[in-house]
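Student: Before we start, here is the structure in question, set down as structure tokens.
The values are calculated or read from the model by the stated rules, or taken from the named source; none is laboratory data. Bear in mind that the values here come from a model prediction, so they are computed numbers and not experimental data. Counting neighbours? That spans all protein chains shown, and the Cβs are built from the backbone with ideal geometry, glycine included. Remember, those area values only see protein heavy atoms, side chains included, never the ligands or the DNA or RNA. Shrake-Rupley method; radii C 1.70, N 1.55, O 1.52, S 1.80 Å.
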Amino acid sequence: MNLLLQQSSAEVQQILAHYPAEHRRAAVMPLLFLAQRTTGRVDSQALVDIAEITGISSTDVASIMGFYTLFHAEEDGGGRFRVQVCTDMPCALRGSRQFLAAFCEALGIQPGQTTPDGLITVEEVKCLAACDHAPFLQVQGDGELTDYPDQTVESALALVETLRQKPWARY
Amino acid sequence: MTEYLLLRHRDLPDIDQLPIYRANGGFAAFEKALKTQQPVDVLNTVKASGLRGRGGAGFPTGTKWSFLPNTIWPHYVVANADESEPGTFKDREILERNPFQFLEGLMLACFAVQAQAGYIYLRGEFWPLAQKLNQRIAELEQAGLLGDHILGTDYTLRLYTHLGAGAYICGEETALLESIEGKLGQPRLRPPFPAVSGLFGKPTVINNVETLTNVPLIVDRGADWFKTLGTEDSPGVKIFSLSGRINRPGNYELPFGVTFRTLIDQYGGGILGGKAVKAIMPAGASSTILVADDRTLDTPMDYKSVAAIGGQLGSASVIILDETVNMADLVNQTVHFFKHESCGKCTPCREGTYWMAHITDRLAAGQPSPQDAALLGSVARQMQNKCLCALGEFSTMAVVSALEKFPQDFGIS
Amino acid sequence: MTKQITLTIDNQVITAPEGMLIVDAAKQAGVNIPVFCYHPKMEPVGMCRMCLVDVGRPMVDRATGQTVLDADGRPKIGFGPKLETACTTPVSEGMVVITESEKVKAARKDVLEFLLTSHPLDCPVCDKGGECPLQNLTLAHGPGESRFLYSDKQHLNKRVPLGELIFLDRERCIQCGRCTRFQHDVVDDPVIGFYQRGRALEIVTLSEPGFDSIFSGNTTDICPVGALTTADFRFGARPWEMKPAASICNHCPVGCNLTFNVRREAAANGRTVIKRVLPRQNEQVNEIWICDKGRFVYQYTESPDRLTQPLIRKNGELVPASWNEALDLAAQKLKGSQPLLLAGGRLSNEALFNLRQVTEALGGQSRLYTHMSGGDIAVQAGLTAGSNLGALGKGDAILVVASDLHAEAPLWWLRVKQAAARGAALIVLTARPTRLDKFARFALRYAPGGEGAALTTLLSGEGEAATAFADAQNAIVFYGSDGLDWVGTERVARLSAELLDKTGHLGRPNNGLVPVWPRANDQGAFELGYAPATDLPAALRSAAVVWIAAADPAGDDPALAEALDAAGFVMVQELFLTETARRADIVFPAQAFTEQEGSFTSGERRVQRFYPAVSPLPDTRPDFAITAQVGQRLDLKLADNAVSLVFDQLAQVVPAFNGLTFPALAETAPQWPEIARSDLYYGGTSYDNQQGLGVHLAAPKAPLHLPELSPAVPLPAGLVALPVTRLYDQGALIARTELLRGRLSPAAVWMHPATAEQQGLSEGQSVEVLLSGRKASRTVCLDDTLPQGLLIALR
């Protein structure tokens, strides 16, 4: 029973149509994003489903999932929203590390942890190609990714509040 | 800058809308090429213009296109929108604000090498940009500029976006191809080169977003026009991404040959808080760190001149370091970046970045030790000229240059 | 003819074929360039960077295209600024390679220091110690000390089961990728892979069961460190404590060359025991690989159930007896009896010969216990000297009919797959899809019962497949018994031989018929004149004396058990008290193949010697000796003390073996690539072959005589399951192998979900099916890869 095909058949076909028919394997990455969008994580059933659709082994699908930082395995945990703050060198030169520390303190967690309500995980990430808008963060969740440039602790906390109020996305 | 060539939205804010783009000369070059030229004509024009790759390697673009053999089909063009070098944010602005010029450039590149499919590889974090690009590609299809029998000719072309998922190494050409193909984003052995065996084993051109954005202008206004801009060795304009301890960080479209000093003082508004500039990293984290002395500051920003002073212009991701920056701390950050992004395929990079990170952790934590500093330099040099791809090599450059030029920051007197 | 390239390696001028890699050319010239990730049996990846060497090439003037010459008129050699990996660079004309410069030496030292930062200093407790390429290369090329702080060292899981057969030590792994590449590229089982990236790269498996590959054990051979170990050998012994014993696998007709590593142990009362099984290099049979069955199944030889005393039935009970008593009784009963001999194909040539000698002398029948026909054809149309599956490629053809090679003869599956990759036209003709389909140029199906018609179509020469076969320079047909029994295999064998004959593919090397026999030495039995019983139950029932050796008909088939009960006097030579042995009047405890020596004849008609590995279990005797001792009591001159004497006799009597000598079987020749034990660089724990490459039987002199085809037998009505083979089945021997217990195929009947629905069956339900002409109870299992309407069950 291929759940992914069952639930998102049209999207799967659309993805497959982007690549030559004899290279179905190329669809692995977009399919991983698709599988991840509801819960923010790729579960073991999805690995099997994607393996079936692309014609490779589930070990190979897991291999791809594990290589990239934006794919999250079931056991990675994490909340519904991953608030990813860039603390890489150019942003750090403009105070992003202090921003992160203050932001996390206000939320009552350490970087890498999830808020007690299970909704918000704050992560430190590498350069997001927006070094002129530090402190910069992006939010990965609900199958989407949104940018938030020029953050202050206040604006970031306000963002978290907005996220907390967001109704669950339907797919 | 009287007229923006690449960041045209700064003159025309709505140029990200197709009708506005077309009303302002958009797709005229593409139409001209399809209707009145042969693919090889477009290729030769770009070749004659001297356009060099804007992704960091600076390889002559037209020459790259000419490597594709006409005995193996199909051909592919892949736009590298993986923009992950710390300090680089020029492609983001193009994709966000002037997307059609980029798309037109990609389409012209496809036409020039007779590709019928083009892929745009965007880093995963550009997800919102990719959604918009998909809409724009659909718009172009509706307008008859993509798809079958474009503009009534027998040329067929389709464009597809492909999202990465957070791996800097996938900005490396061959790792990018592996990533699209659904394999681990690890670089391939070369030879064979992508021009002969690239995407799905077929002849492929991989070009940076900014590079492609230049192409409609060149086809429209000619190679000779292009050569009037910039320098002889580096013709044209470049988008310099300025960041770090500067008052006005941002993208600056300037002709090659403008000096660092001009960029910092005139455009960047000088150093934050009026502090003294200490060092410049012109190529993002993959830089040889340059001491910000007069010699450096007065160096024109073009590939040749920067190389002449022992550095690299690379992607022109100019990061400014001032007196408040401790090099041990800085180098610790660049090393951790490369350690995080190392694909792990080859021993020196996999083990070397990990090892360096432990040493720089200690040095940055305020435990300056000449032994650690010497060890760091030794490990970095031990990695050099052994790695399978440029990532491992480049990870050592800031380390070696910082140790050499700012020994006091590492506890070496 | 491949072009020869002239180049210089360390001042040695050598020639190498165009396309050869520097690392291999150097090896041939006696220069060992150290490697980790490179393995001659796989595509190079240039990952570990250990093989970096200085490479210079003749300089060419860019403008004129002419070679630049130096003052002496010789080409000027330009060296690159960087060292190059020898494993990824092919040789080129005039190349100069330097492997011992200071730069190269420093590079090797650097790479080793890098590898040893995270690699633990486990040598004192690591299984690989003593046969470890990392150890050897560190001693040869590495630094004596590391500057890496111990406190910075990564600590990782040291006991990660990848399935229950293979264990991974994450700390020791040097991420060379040999194991993942072997699984992906060599054996098409991508069930292990890299996970994460950078220093965190680790090997994982997601298959159910873990590391689900019948070739998984080979990864422990090629792993250059002690990261991958087998469950049976882990912490078992040190390499220098063990002795190697050359053997031949007793479990399928490929005849893989093995080495048993043995050690005398106090725990075994001073007897030698097997610590592990490794491949022995034979590039013409199994190269350097073995399947997991061959690697792990030996455990049954150590089972406490082994028979250790002769048994005689007295007052209805089997009671221990002395050898003399048992042998005397056997001879007494045999005298004047015209016995029925039923021998199993796992017996050696020598055992089979002696058995037949006795039977023939008494005017009895020598029958091979098998469901598969075609032996009489196979001895005429089989492969001959000079044949090597590894030589097949473009322009050749291979037809695989009615066989699931992956399950029945794994190394043939591998070799055929590789031949197809080299361009051979692979035609697969089966009733159901098998793992060979994806490599086949033509994957053809026939409905159950349609195998004859399908072959007849090929014979007609119509169609692309037929043309490809007919036009091939060399052609081999593998025929098996997948879904077939006696009548079906006879048909298939005969038509296949006819096809080979018609298309001119007989009587020369690399041409002929290869039967995928169920047992290792079935070919030997046929060569020695055995024939299968056409009506075994009747033969058993009517026999006054039945002599059964290494066969368990009663355990396989209740009908045969009944027939055996009705037989007269029954004598059995066996390892265990099987259903057959239970019904015997005399039971002789035989030795396992690991305890004796002799020769087997593979399905390719290669005769190979195997040697004793372990001390025999007291009070067992080798099969050939038991038989000879019975025969001696009947005044027959049979040798019971040395197999070579039996072989000499055999070679005189059996035409196919004429001219063969026992010592000839032990002859070896240098093999390429050098990747077994003596080679420290490509590494690997497989063994070089010091004890015999085997000898091919010659082609028979008589012209091909094909028997008349029996009329086709229609399939019976009812729920018919076709009998198939699985590698890990329910056989008596493998059932006693603890290691493989988790992988045995269940007693199931597999069918397509639509078929189950149609029949009103659900998964897990117990159902009675007709299997090989008798009723059998099986559990329903669904398999959507099967054609609809087709049911299969373990034979």
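Student: Condition first: among the polar types (S, T, N, Q) and within 14 Å of chain A (Cβ to nearest Cβ). Now tell me which residues in region B:92-134 satisfy that.
Tutor: Passing the criteria: B:116, B:131, B:134.
Student: Return the residue satisfying two criteria in turn: it lies in region A:132-168 and is assigned to a helix (DSSP H, G or I) and hydrophobic (A, V, I, L, M, F, W, C), and of such residues it is surrounded by the most Cβ atoms within 10 Å (Cβ to Cβ).
Tutor: Going through the qualifying residues, I end up with A:156.
Student: What helices (runs of 4 or more DSSP H), lying completely within region C:558-671, carry at least 1 residues that are surrounded by 22 or more Cβ atoms within 10 Å (Cβ to Cβ) and in contact with a Ser or Thr (Cβ under 8 Å, 6 or more places away or on another chain)?
Tutor: Hits in region C:558-671: C:558-566, C:623-632, C:643-653, C:662-665.
Student: While we're on this one: Of everything in region C:143-157, what is open to solvent by less than 50 Å² (accessible area, probe 1.4 Å) and more than 22 Å from residue C:103 (Cβ to Cβ)? Give them in sequence order.
Tutor: Matches in region C:143-157: C:148, C:152, C:153, C:154.
Student: Moving on. Only one of these is under 19 Å from the mean Cα position of the chain (by Cα), surrounded by 16 or more Cβ atoms within 10 Å (Cβ to Cβ) and either on the phi > 0 side of the Ramachandran plot or away from chain B (no Cβ under 14 Å) (or both): A:78, A:118. Name it.
Tutor: Only one candidate passes the filter, namely A:78.
Student: Among the residues of region B:381-413, write down those that are within 20 Å of residue B:282 (Cα to Cα) and among the aliphatic types (A, V, I, L, M).
Tutor: B:390, B:391, B:397, B:398, B:399, B:400, B:402, B:403
Student: Same structure, new question: For region C:177-197, does any single residue satisfy the condition of being among the β-branched types (Val, Ile, Thr), over 24 Å from residue C:675 (Cα atoms), open to solvent by less than 20 Å² (accessible area, probe 1.4 Å) and touching a strand residue (DSSP E or B) at 6+ places or on another chain (Cβ under 7 Å)?
Tutor: yes
Student: Okay, moving on. Looking at (1) within 14 Å of another protein chain (Cβ to nearest Cβ); (2) open to solvent by 10 Å² or more (accessible area, probe 1.4 Å); (3) small (Gly, Ala, Ser), find the lone condition where residue B:279 falls short.
Tutor: Residue B:279 satisfies every listed condition except (2).
Student: Would you be able to tell me the number of residues in region C:186-201 that are under 19 Å from residue C:227 (Cα atoms), of a type in the set (A, V, I, L, M) and part of a loop (DSSP other than H, G, I, E, B)?
Tutor: Final tally of qualifying residues: 2.
Student: Name the residue, out of B:335, B:331, B:306, that is in contact with a Leu (Cβ under 6 Å, 6 or more places away or on another chain) and either within 14 Å of chain C (Cβ to nearest Cβ) or not in a loop (DSSP other than H, G, I, E, B) (or both).
Tutor: B:306
Student: In addition: Quick one: is residue B:4 in contact (Cβ under 8 Å) with a residue 24 or more places away in the chain and not in a loop (DSSP other than H, G, I, E, B)?
Tutor: The answer is no for residue B:4.
Student: Still on this model: Only one of (1) within 21 Å of residue C:333 (Cα to Cα); (2) free of Cβ contacts under 8 Å to residues at least 60 places away in the same chain fails for residue C:644. Which number is that?
Tutor: (1) is the only condition that residue C:644 fails.
Student: Here's another thing I want to ask about it. In region B:300-323, how many are touching a Cys at 6+ places or on another chain (Cβ under 9 Å) and at pLDDT below 95?
Tutor: 0
Student: In region C:42-98, what residues are open to solvent by 30 Å² or more (accessible area, probe 1.4 Å), over 18 Å from residue C:178 (Cβ atoms), within 14 Å of chain B (Cβ to nearest Cβ) and in a loop (DSSP other than H, G, I, E, B)?
Tutor: C:81, C:82, C:92
Student: Check off (1) in contact (Cβ under 8 Å) with a residue 40 or more places away in the chain; (2) over 28 Å from residue A:86 (Cβ atoms); (3) within 10 Å of chain A (Cβ to nearest Cβ); (4) open to solvent by 10 Å² or more (accessible area, probe 1.4 Å) for residue B:168 and give me the number that stays unchecked.
Tutor: (2)
Student: Another question, then. Can you tell me which of B:169, B:206 is touching a strand residue (DSSP E or B) at 6+ places or on another chain (Cβ under 8 Å) and either modelled with pLDDT of 95 or more or not aromatic (Phe, Trp, Tyr) (or both)?
Tutor: Only one candidate qualifies: B:206.
Student: Among (1) open to solvent by less than 50 Å² (accessible area, probe 1.4 Å); (2) more than 14 Å from residue C:226 (Cβ to Cβ); (3) small (Gly, Ala, Ser), which single condition is residue C:140 missing?
Tutor: The failed condition is (1).
Student: Scan region A:1-36 for residues that are surrounded by 14 or more Cβ atoms within 10 Å (Cβ to Cβ), farther than 17 Å from residue A:62 by Cβ and of a type in the set (D, E, K, R) and report the count.
Tutor: Qualifying residue count, region A:1-36: 2.
Student: Can you list residue pairs whose Cβ atoms sit under 7 Å apart, with the first residue in region C:123-143 being under 23 Å from residue C:167 (Cβ atoms) and of a type in the set (D, E, K, R) and the second being part of a loop (DSSP other than H, G, I, E, B) and open to solvent by 20 Å² or more (accessible area, probe 1.4 Å)? Count only pairs 6 or more apart in sequence or on different chains.
Tutor: Filtered contacts from region C:123-143: C:127/C:234; C:127/C:235.
Student: Mind telling me which of the residues B:146, B:151, B:163 ends up being in contact with a helix residue (DSSP H, G or I) (Cβ under 6 Å, 6 or more places away or on another chain) and facing chain A (nearest Cβ under 10 Å)?
Tutor: None of the others qualify; the one that does is B:163.
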